[in-house]
Amino acid sequence: MIYPDRQTKPILGAIVLCTLPHFTYISPIVAAACLLLWGYAAAASAYAWRLPGRRLLLVFAGISFAAAMSLHEGFTIEAFVALLSLMAVLKLLESRDLRDRMITVILCYFLIAGRIFFGDSMGVTIYMLLTILFTTAVLIQVNQPQAFFPPLLRLGGVLLLQAFPFMLVFFLLFPRFQGGLWGRTHLNTAQTGFSDQVGFGNIAELARNTEVAFRVEFAGEVPPRNQLYWRGIVLWDFDGRTWRRGASRLSPLPPPEADPGDIAYTITLEPHNQHWLFTLDLAREISFRQAYLQNDHTSFRWRPITSRITYQAVSNPDTRLYSRKHFPKHALELPEQGNPRSRAMAETLFRESGGGQEYIGKVLEYFREQPFEYTLQPPPLAEGDDLVDQFLFRNRSGFCEHYASSFAFLMRAAGLPARVVAGYQGGESNPYGDYLAVRQSDAHAWCEVWLPATGWLRVDPTSAVAPARVTGDVLNALPAEETSSLLSFLYSTPLGQRLRGMINLWDFVNSQWNRRVMSYSANEQSSFLTALGLGIRSSEELPPLLAIILAAATLILILVFALFFRPKEPVRDLTAEAWLDFCRKMERIGLPRRPAQGPLDYLRHICQQRPDLAQNADKLVSFYVRLRYAGKGRPDEIQSLRSLVKKFNPGRSA
Amino acid sequence: MKGSVVPGSSDFQARSRTAGKQRLPSAFLRQSILILPTRYGFIFLAMLAALLLGAVNHNNNLGYLLVFLLGGMALVSILHTRRAVSRLALSPARSKPVFAGQKAIFAFTVKTSDSACPAISFQFVEGEPTTFILRGGNPTSAQASLNAGQRGLLRPGPLVVAATYPLGLFLARRSLPVHAICLVYPRPVPGPLVTVPGPDNRENEGDAGGCGVEDFSGLEVYQPGDPLQHISWKSYSRGQGLYTKKFEGTRGKSLYFNPDSLPGLDFELRLSRICYMILKADAMRAPYGLHLGNRLVKPGLGEKHKHQCLRELALAGHKKA
């Protein structure tokens, strides 16, 4: 039973602080259960309620385990985190003694650690430091139950600061290994970013997500904004509702020839748990382990991207798309039935136009002239097979994927090979660092049409409806009533401009943090050692060398700290030492000082027993008494007392 | 005690006695301090190992930062733990006499030159640990107990001082010599009261004229210290003030307890029986004396008298302390 003690609340506080950041990706049911249990624990501690027995808690623990596993698709990291969140508060409910409390606090540390799999931005790191501070203060209080909490926060801070040099040394010198030790635990959350299909509505969901998808640094000039098409995937198969990648029929792109129009750049891609990498249209070259360019100019990596990666690529916007000579058969495939009105219109328009190029112009003109609307919240399309018809002739309002899907449909219906490309368009340049931040809200879909004269040609039907989308920003392109959010505030008011400056600064800090700290690896370690003057010949030499330096540095640190912590040397009392020397000499001749004898009594005793020593002893003892009791003696006086004692020779025992 | 009291020395340790040797306080600071992980320390280290494996496997730099920060914290906490016990100074311990079989409690003050307020546990080698929170820089009262097994003088060994301050992950332990002696009376063993006449009756005739328990002899004005059960509550309730009922014992015959009056018993058992008799007589407020070999305590009453008699019993057969 919890009695209203001083410990339950801080521990509960630590649990709450450590669990809260996980709420964004654990199941809402688990989160709700956590909230309930926290409330119960807080009330139980405040009103001294009886707590559930161990058996009941065991049942709860079993339910938690089953719930965590079933709600997060088995043994995933999310499931472990959810389980930890529940276990921590259940453990608190059974806290009866030091052991339970210690285990609870250690569970809190585990909860803090669980966060490392879900992002490593500066904000996450700072929050993590704060929770470590709080949890450590709680750990101290668990061990010093009578202590007040606020000073313990200070002590925890002192501990963290003192631990900092160790952390730094270990972080710099602990050998890093490429790749993992074994298979990584499956991470369930498909990180934000689009999936490998485009239908009617899934990119619009991203439009309000301002998370950074990747950051780009150009070696030279930044290309104009309407050229910033970031190619992700190419979609071939249309089933009437969704465009999919279909079975892979791709082969690697042959090595390129250098071209003066080449644009070289570096991309730092946030993990998205998918296999593709983004490149500027059209990539000619990409350099990253296990990643290669395919002949549709998309980049693919065998292992999904589960951690932040940085890669260099070269693109050339003028590159004629590969496979000019032919197109695959499936670039013309459409479902057998459905969308009769669209098919009819495609036929009519194609018949009226003299060729592919003109037909494309006519379709774009159709989009431009009919009352099409660019919006994030299109009226829902009814169930059925004729989604393209519904969009083109009834709703006429949609986001980029609506336009791209129906445009590609119209092309194929007229017998022109077409495909949908998904990726990002645009990017915001950061004034603090010379880079471009491409956010999830920049997600975009466009089309490519194959013409005999040009090969694959990029056509962005969205630009026909909302030209501002390509030259400006999503927000400029959207109707006014949809931009009344925080974002429009940021882009249209002076205060918003200043705030945006701060957001840019924060993004810059994060990008630096990512580049300089979070991507620290064996390469940086090797150059760090070279900077120290310890060049290495091969990468096999690195780990042992690092281990040796690490051990030495740790030892030095410990010694420095031990010196700092050494017990204070007690001040030597020379007067007392001299007096004890005198007493020892007297003891040797059989006249020990009795415990209760003060110096003067002792002197009297000596004078009685050994009148021959009386003169010397009197001089010495009275000198001692003066030094001892009449204020502190000067150093030279103490010195003369010492020499007196040294010279004093009681002779042999009487 | 031989000269180990250094007059004017502010250090408590200066007053501790060690095997009759004269030593300076600093000598005690050279004691070795043992540091071990507690079981939570082991759990914590296991947790760090698990996190480190996770960080290595995922090549996660944030994980490395976290593990090394927590590891550094554990490492630094060892120094704090060590410091908590290294700067302690103990005063000599005081203790009240106890009966054999009881717990002897030694009270002392602890001082630390540190501003920290660690919880420190004190324990004699064979005793149980008790924990006290130090008040940083100020002397703190503390105590440690030990079971008193045999009568006589109980001199506990060094005091084991331990702390897990601040994180509870490591335990620092050292033993501090502490000057402590406890007088242990024999264990009282119930039995009939057996009295013997004094060694010289004539000499004692006047002495035993104190208060007896047998016959009521009248009321006297209450004096502080009179036993409560002898107060005349009846007259008090009548509003006549506080009076004490006086009883007359057997005049001229003082009671003496003597182990020799219990033949056929083990000497220690005899002392235990006598101990019981003394306590009984004291409770009845019957004057008693003690005749123990060549030592004689004249009959009397009161706390001081009782303790004098019990002390004789405790030290019977010992060298006079």
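The values are calculated or read from the model by the stated rules, or taken from the named source; none is laboratory data. On a predicted model such as this, the values are computed, not experimentally measured, just so you know. FYI the Cβ positions are ideal-geometry reconstructions off the backbone, even for glycines, and counts take in every protein chain you see.
Candidates in the stretch A:104-123 are the residues that are out of contact with any Phe, Trp or Tyr (no Cβ under 8 Å at 6 or more places or on another chain) and among the aliphatic types (A, V, I, L, M); of these, the one that is farthest from the other protein chains (Cβ to nearest Cβ) is A:L111. Inside the stretch A:31-57, residues that are over 24 Å from A:E78 (Cβ atoms) and of a type outside the set (F, W, Y) make up a count of 13.
Cβ-Cβ contacts under 9 Å between residues 6 or more apart (or on different chains), taken from a first residue in the stretch A:69-91 that is farther than 13 Å from A:F23 by Cα to a second residue that is of a type in the set (F, W, Y) and crowded, with 21+ Cβ neighbours inside 10 Å, are listed as A:I77/A:F117. Residues in the stretch A:34-66 that are touching a residue at least 40 places away in the same chain (Cβ under 8 Å) and of a type in the set (A, V, I, L, M): A:L37, A:A41, A:A44, A:A46, A:A48, A:L51. Residues in the stretch A:381-397 include at least one that is more than 21 Å from A:R419 (Cα to Cα), crowded, with 18+ Cβ neighbours inside 10 Å and touching a helix residue (DSSP H, G or I) at 6+ places or on another chain (Cβ under 6 Å).
Taking the conditions (1) more than 12 Å from the chain's Cα centre (by Cα); (2) within 16 Å of B:L153 (Cβ to Cβ); (3) among the charged types (D, E, K, R) in turn, B:R87 satisfies each one other than (2). If the condition is being within 8 Å of another protein chain (Cβ to nearest Cβ) and either assigned to a helix (DSSP H, G or I) or at pLDDT below 75 (or both), then the stretch A:175-188 contributes A:Q178, A:G179, A:G180, A:L181, A:W182, A:R184.
Do you know which of the residues in the stretch B:237-271 that are at pLDDT 80 or above and in contact with a strand residue (DSSP E or B) (Cβ under 9 Å, 6 or more places away or on another chain) is nearest to B:G101 (Cα to Cα)? The residue in question is B:L271. Within the stretch A:30-41, the set of residues being over 21 Å from A:F117 (Cβ atoms) and surrounded by fewer than 20 Cβ atoms within 10 Å (Cβ to Cβ) comprises A:A32, A:L35, A:L36, A:W38, A:G39, A:Y40. Considering the stretch A:135-164, the residues that are touching a residue at least 60 places away in the same chain (Cβ under 8 Å) and either closer than 30 Å to A:P544 by Cα or crowded, with 18+ Cβ neighbours inside 10 Å (or both) include one that is nearest to the other protein chains (Cβ to nearest Cβ), namely A:Q162.
Any residue that is assigned to a loop (DSSP other than H, G, I, E, B), closer than 19 Å to A:V459 by Cβ and touching a residue at least 24 places away in the same chain (Cβ under 8 Å) - is there at least one of those in the stretch A:374-394? No; the residues of the stretch A:374-394 include none that is assigned to a loop (DSSP other than H, G, I, E, B), closer than 19 Å to A:V459 by Cβ and touching a residue at least 24 places away in the same chain (Cβ under 8 Å). One residue stands out in the stretch B:134-191 among those that are of a type in the set (D, E, K, R) and under 30 Å from B:C275 (Cβ atoms): the one that is surrounded by the most Cβ atoms within 10 Å (Cβ to Cβ), namely B:R151.
Of the residues making up the stretch A:35-45, none is in contact with a helix residue (DSSP H, G or I) (Cβ under 8 Å, 6 or more places away or on another chain), within 14 Å of chain B (Cβ to nearest Cβ) and closer than 21 Å to A:Y127 by Cα.
Residues are listed down the side, and each one gets a yes or a no for (1) within 10 Å of chain A (Cβ to nearest Cβ); (2) surrounded by fewer than 20 Cβ atoms within 10 Å (Cβ to Cβ); (3) farther than 24 Å from B:L169 by Cβ:
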| residue | (1), (2), (3) |
| --- | --- |
| B:G63 | yes, no, no |
| B:S77 | yes, no, no |
| B:A89 | yes, no, yes |
| B:A93 | no, no, yes |
| B:P97 | no, yes, yes |
| B:F106 | no, no, yes |
| B:V110 | no, no, no |
| B:E126 | no, yes, yes |
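Looking at B:R135, is it more than 7 Å from every other protein chain (Cβ to nearest Cβ), of a type outside the set (S, T, Y), free of Cβ contacts under 8 Å to residues at least 40 places away in the same chain and under 21 Å from B:G168 (Cα atoms)? Yes. From the list A:M128, A:M69, A:M87, the lone residue that is within 10 Å of chain B (Cβ to nearest Cβ), hydrophobic (A, V, I, L, M, F, W, C), out of contact with any Ser or Thr (no Cβ under 6 Å at 6 or more places or on another chain) and not in a loop (DSSP other than H, G, I, E, B) is A:M128. For the stretch A:94-103, the set of residues classified as assigned to a helix (DSSP H, G or I), more than 9 Å from chain B (Cβ to nearest Cβ) and crowded, with 20+ Cβ neighbours inside 10 Å consists of A:R101 only.
Pairs meeting the criteria (first residue in the stretch B:47-67 and part of a helix (DSSP H, G or I), second residue hydroxyl-bearing (S, T, Y), beta carbons under 6 Å, at least 6 apart or on different chains) are B:A55/B:Y64; B:N61/A:Y520.
Filtering A:G62, A:G39, A:G114, A:G119 for residues that are at pLDDT 90 or above and within 26 Å of A:A213 (Cα to Cα) leaves a single hit, A:G114. For the stretch A:165-174, the condition holds for no residue, the condition being that it is at pLDDT below 70 and within 12 Å of another protein chain (Cβ to nearest Cβ). Residue pairs whose Cβ atoms lie under 6 Å apart, sitting 6 or more positions apart in sequence or on different chains, and linking a residue in the stretch B:161-177 that is within 14 Å of B:V76 (Cβ to Cβ) to a partner that is small (G, A, S) and in a strand (DSSP E or B), are B:A172/B:A163. Taking the stretch B:98-182 and the strands (runs of 3 or more DSSP E) fully enclosed by it, the elements with 2 or more residues that are in contact with a strand residue (DSSP E or B) (Cβ under 9 Å, 6 or more places away or on another chain) and closer than 30 Å to A:I106 by Cα are at B:119-124, B:130-133, B:159-163, B:170-176.
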